[in-house]
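*Asks:* Before anything else, here's the structure in question.
The values are calculated or read from the model by the stated rules, or taken from the named source; none is laboratory data. As the structure is a prediction and not an experimental result, all values here were calculated from the model. Note that each Cβ is placed from the backbone with ideal geometry, even for glycine, and that neighbours are counted across all protein chains shown. SASA here: full protein model, heavy atoms, side chains in, ligands and nucleic acids out. Shrake-Rupley method; radii C 1.70, N 1.55, O 1.52, S 1.80 Å.
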Amino acid sequence: MQFRLETRVRSPAWMNLVLPVAAVSITLVICSGLIAAAGADVFAAYGALFKGAFGNRFNFIETLVKAAPLIFTGLAVAVAFRAKFWNIGAEGQLLAGAMAAAFIGAREGLPAWSLVPLMIAGGAAAGGIWASVPALLKVRFKVDDVVATLMLNFVMFYGMMALLSGPWKDSLSGYPDSPDIRMDAEFPILLEPTRLHLGVLLAGVGALLVWLLMTRTTFGFAIRAVGENARAAAHGGIPVNRVVFFTAVLSGGLAGLAGVGEVAGLHFQVMATLSPGYGYTGIVIAMLARLNPIGVIPSAIFFAAIATGAETMSRATGVPVFFADVIQGASLICMLVALLFTQYRVRVQTLARNA
Amino acid sequence: MSDIFEQIFQIGFFTAMVRVATPLLLATLGEMFSERSGVLNLGIEGIMLLAAMTGFSAGYFSGSLWLGIVVAAMTGIVFGALMGLLTVTLGLSQHVSGLGVTLLCSGLAFFGYRLVFGQPSQPPNVAAFESAPVPLLSELPVLGPILFDHVTLVYLAFLLVPVAAFVLYRTPWGLNLRTVGENPHAAASAGVSVAWKRYQALMISGALFGIGGAYFSLAQFNAFTFGVISGRGWVCIALVVLGRWDPWRCAFAALLFGAVDALQLRLQSSGVIDLPFQVFLLLPFLITVVAMALVARNARAPAALLLPYRKEER
């Protein structure tokens, strides 16, 4: 008997569900070693994590609130990676969107009803514009997108901090925070007395719209064609550079919306700790969803659950809260390995006996 | 204006330039080796961070800073090998594998530090490496303090440049490595194991990332903080392009970045320009992007970079 690897042409649809679940399960098993290393009981720790994330209505809603920005950054990465535009810059684009929203939301001259729509539009535009910089650098100057988007994350973060400690600082605060947005600019709460705000709903709708865009429009088709084979796409008459550019802008806009939600629905200002790496988590989320916009939703909820649950676990068992960060990295790697099953299948064959 | 120049471009500025460039030089040379073999190693940022943590911990508990450096290098080798498993053996996307390694290593660095040291009110620190002036040479006017009055790691890092150039251009090992990165099929038909070469390059790169990372926590500073690398690893990816995958040019690029970094530090502390200090912190990143825009058009990466190699595919 012998095992043989065969290449697959198409991978069956059930793999979209089975592979991420398998990858995550294996990750949780491997990472239980870290819980043991921290001197805690593995089952008690995972129990505390689960309870912290889903244990009661309040915790579950907190997980959903946390998932909102992650859905947007996950979508941002999923769209960009489809076109093989390596946007590692969702972090910076999120901050751009957040800053635009906080700026617009604090304007006194604007009519109250216009604030929320303007913040959404302005935040998406800011994220898109910030993403257009590395896109232009790529198509015009052949600058590597990974390097450019990463560098610009730091430019945006330090730029934001410079504004927050200088001209944009809230004079009433001792910290580098921006002034609060107006009450009328805050996203409505969907379910009193929780923190479930409009941004969570927008994230879900956003995922649906991106799915429609990717599967039902010519632009979506062009994005996928460019990602699969840019040369063939160009041969087929698709303006590759233009598609890459607008994919990047769309991706940045989605990341910008993550920032809008955090400002308008949760913090009502921008500050240094606005994003604990949501842009980078978006990469893990998108990969686990196999770049499928609808798949981004459960994937984002999972990582939101890990993040909120890890805090409960840390308080209950003393396992460092950074367990959540390890899970992110490990599940990305496990998912990558699991994806091999979409390319190959293992065939067991019995060899005919040699004469 | 001339006052500013006088304040800034003193001997101390050039000394700082060399000091700041050292960890970047180590990591850039590491990245150059792995890219020359055909693998983009985006694990750089995370490996540097994790090694800064493990190296610091080893130095802290053993009392030997050099043991810290060794542990940091070993950490890098382990995760360089992991990168090899993912990109070489399994042939997975180099971009996503590298990001995965970085995320994993960063998580492990934070987790491990908290596990080992808890949350002390005073972060633990070590007595960092002390400057070891080279006898006689450090007495030279101007050049002495700039080049020959540093910690030992600085000399080693710069000595590595001619060594790397010699190994890459003048030895069969280096020739094979370059062939593997340019035309793996040709290398394979000449009897070179493409996979093993790439593993070697990735482990070398990991070791150099590790030493570069530990330089931050054991030489430049005397403690580990979560923001100790904060993008310096990513910068090295750009420095390799600016250095056109050549050890000498990479050293030049690292020194140039060191100059920008030293300049922003001086501008920050001089107080001549009244701006929030973060403006100066963003300068190195902005200048890196601009520099990339200027040279990227003419950059020619190793031909097999990013391409997984499978024997049966021709």
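Yes or no, residue by residue, for (1) of a type outside the set (Asp, Glu); (2) surrounded by 24 or more Cβ atoms within 10 Å (Cβ to Cβ); (3) in contact (Cβ under 8 Å) with a residue 24 or more places away in the chain; (4) in contact with a helix residue (DSSP H, G or I) (Cβ under 6 Å, 6 or more places away or on another chain):
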residue	(1), (2), (3), (4)
A:245	yes, no, yes, yes
A:248	yes, yes, yes, yes
A:268	yes, no, yes, no
A:292	yes, no, yes, no
A:296	yes, yes, yes, yes
A:299	yes, yes, yes, yes
A:310	yes, yes, yes, yes
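*Asks:* A further question follows. Inside the range B:213-314, counting only helices (runs of 4 or more DSSP H) that do not spill past its ends, which hold 2 or more residues that are modelled with pLDDT of 90 or more, open to solvent by less than 40 Å² (accessible area, probe 1.4 Å) and away from chain A (no Cβ under 13 Å)? Walk me through it before giving the result.
*Replies:* Working: elements: B:232-242, B:247-270, B:277-295.
Filter on the range B:213-314 gives B:247-270.
*Asks:* Report whether or not residue B:49 is more than 16 Å from the chain's Cα centre (by Cα) and assigned to a helix (DSSP H, G or I).
*Replies:* Working: more than 16 Å from the chain's Cα centre (by Cα): no; assigned to a helix (DSSP H, G or I): yes.
Spelling it out, it is not the case that residue B:49 is more than 16 Å from the chain's Cα centre (by Cα) and assigned to a helix (DSSP H, G or I).
*Asks:* Turning to a different aspect of this structure: Which one of the conditions (1) under 26 Å from the mean Cα position of the chain (by Cα); (2) surrounded by 13 or more Cβ atoms within 10 Å (Cβ to Cβ); (3) not in a helix (DSSP H, G or I) does residue A:223 fail to meet, given that it meets all the rest?
*Replies:* That leaves (3) as the condition not met.
*Asks:* Further, regarding this structure: Looking at A:328, A:269, which one is more than 14 Å from chain B (Cβ to nearest Cβ) and either closer than 30 Å to residue A:181 by Cα or within 13 Å of the chain's Cα centre (by Cα) (or both)?
*Replies:* Details: A:328 fails: more than 14 Å from chain B (Cβ to nearest Cβ).
Testing whether each residue is more than 14 Å from chain B (Cβ to nearest Cβ) and either closer than 30 Å to residue A:181 by Cα or within 13 Å of the chain's Cα centre (by Cα) (or both) leaves just A:269.
*Asks:* Residues that are over 25 Å from the mean Cα position of the chain (by Cα), part of a helix (DSSP H, G or I) and surrounded by 15 or more Cβ atoms within 10 Å (Cβ to Cβ): does the range B:121-139 have at least one?
*Replies:* There is at least one residue in the range B:121-139 that is over 25 Å from the mean Cα position of the chain (by Cα), part of a helix (DSSP H, G or I) and surrounded by 15 or more Cβ atoms within 10 Å (Cβ to Cβ).
*Asks:* Select from the range B:63-95 the residues that are of a type outside the set (A, V, I, L, M), farther than 30 Å from residue A:338 by Cβ and open to solvent by 60 Å² or more (accessible area, probe 1.4 Å) and list them in ascending order. Can you show your working first?
*Replies:* Step one: of the range B:63-95, the residues of a type outside the set (A, V, I, L, M) are B:63-64, B:66, B:68, B:75-76, B:79-80, B:84, B:87, B:89, B:91, B:93-95.
In the following step, the residues that additionally are farther than 30 Å from residue A:338 by Cβ were identified as B:63-64, B:66, B:68.
Correct list: B:63, B:66.
*Asks:* So residue A:276 ticks every box in (1) open to solvent by 30 Å² or more (accessible area, probe 1.4 Å); (2) more than 12 Å from chain B (Cβ to nearest Cβ) but one. Which box is left unticked?
*Replies:* Against the list (1) open to solvent by 30 Å² or more (accessible area, probe 1.4 Å); (2) more than 12 Å from chain B (Cβ to nearest Cβ), residue A:276 comes up short only on (2).
*Asks:* With the requirement that a residue be at pLDDT 90 or above and of a type in the set (Phe, Trp, Tyr), what does the range A:169-203 give you?
*Replies:* Once the filter is applied, which keeps residues that are at pLDDT 90 or above and of a type in the set (Phe, Trp, Tyr), the range A:169-203 yields only A:187.
*Asks:* Considering only the range A:321-345, state which residues are within 15 Å of residue A:285 (Cβ to Cβ) and part of a strand (DSSP E or B).
*Replies:* none
Yes/no matrix, rows are residues, columns are (1) facing another protein chain (nearest Cβ under 9 Å); (2) closer than 19 Å to residue B:227 by Cα; (3) aromatic (Phe, Trp, Tyr); (4) out of contact with any helix residue (DSSP H, G or I) (no Cβ under 6 Å at 6 or more places or on another chain):
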| site | (1), (2), (3), (4) |
| --- | --- |
| A:150 | yes, yes, no, no |
| A:153 | yes, yes, no, no |
| A:161 | yes, yes, no, no |
| A:164 | yes, no, no, yes |
| A:168 | no, no, yes, yes |
| A:184 | no, no, no, no |
| A:188 | no, no, no, no |
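*Asks:* Now for a different question. Please count how many residues of the range A:134-167 are closer than 27 Å to residue A:179 by Cβ and in a helix (DSSP H, G or I).
*Replies:* We begin by selecting, within the range A:134-167, every residue closer than 27 Å to residue A:179 by Cβ; these are A:152-167.
Still in the running and in a helix (DSSP H, G or I): A:152-165.
The number of residues fulfilling the criteria is 14.
*Asks:* Could I ask something else about it? Only one of B:118, B:107, B:100, B:112 is surrounded by fewer than 15 Cβ atoms within 10 Å (Cβ to Cβ), within 28 Å of residue B:70 (Cβ to Cβ) and within 14 Å of chain A (Cβ to nearest Cβ). Can you tell me which?
*Replies:* Checking each option against the conditions leaves just B:118.
*Asks:* Which of the following residues is within 14 Å of chain A (Cβ to nearest Cβ) and either assigned to a helix (DSSP H, G or I) or without any contact (Cβ under 8 Å) to a residue 60 or more places away in the chain (or both): B:40, B:82?
*Replies:* Just a single option satisfies the conditions, and that option is B:82.
*Asks:* Against the conditions (1) facing chain B (nearest Cβ under 8 Å); (2) buried (at least 24 other Cβ atoms within 10 Å of the Cβ), where does residue A:135 fall short? Just the number, please.
*Replies:* The failed condition is (1).
*Asks:* Any residue at all in the range A:193-209 that's more than 18 Å from the chain's Cα centre (by Cα), crowded, with 23+ Cβ neighbours inside 10 Å and assigned to a loop (DSSP other than H, G, I, E, B)?
*Replies:* So far as the range A:193-209 goes, no, none of its residues is more than 18 Å from the chain's Cα centre (by Cα), crowded, with 23+ Cβ neighbours inside 10 Å and assigned to a loop (DSSP other than H, G, I, E, B).
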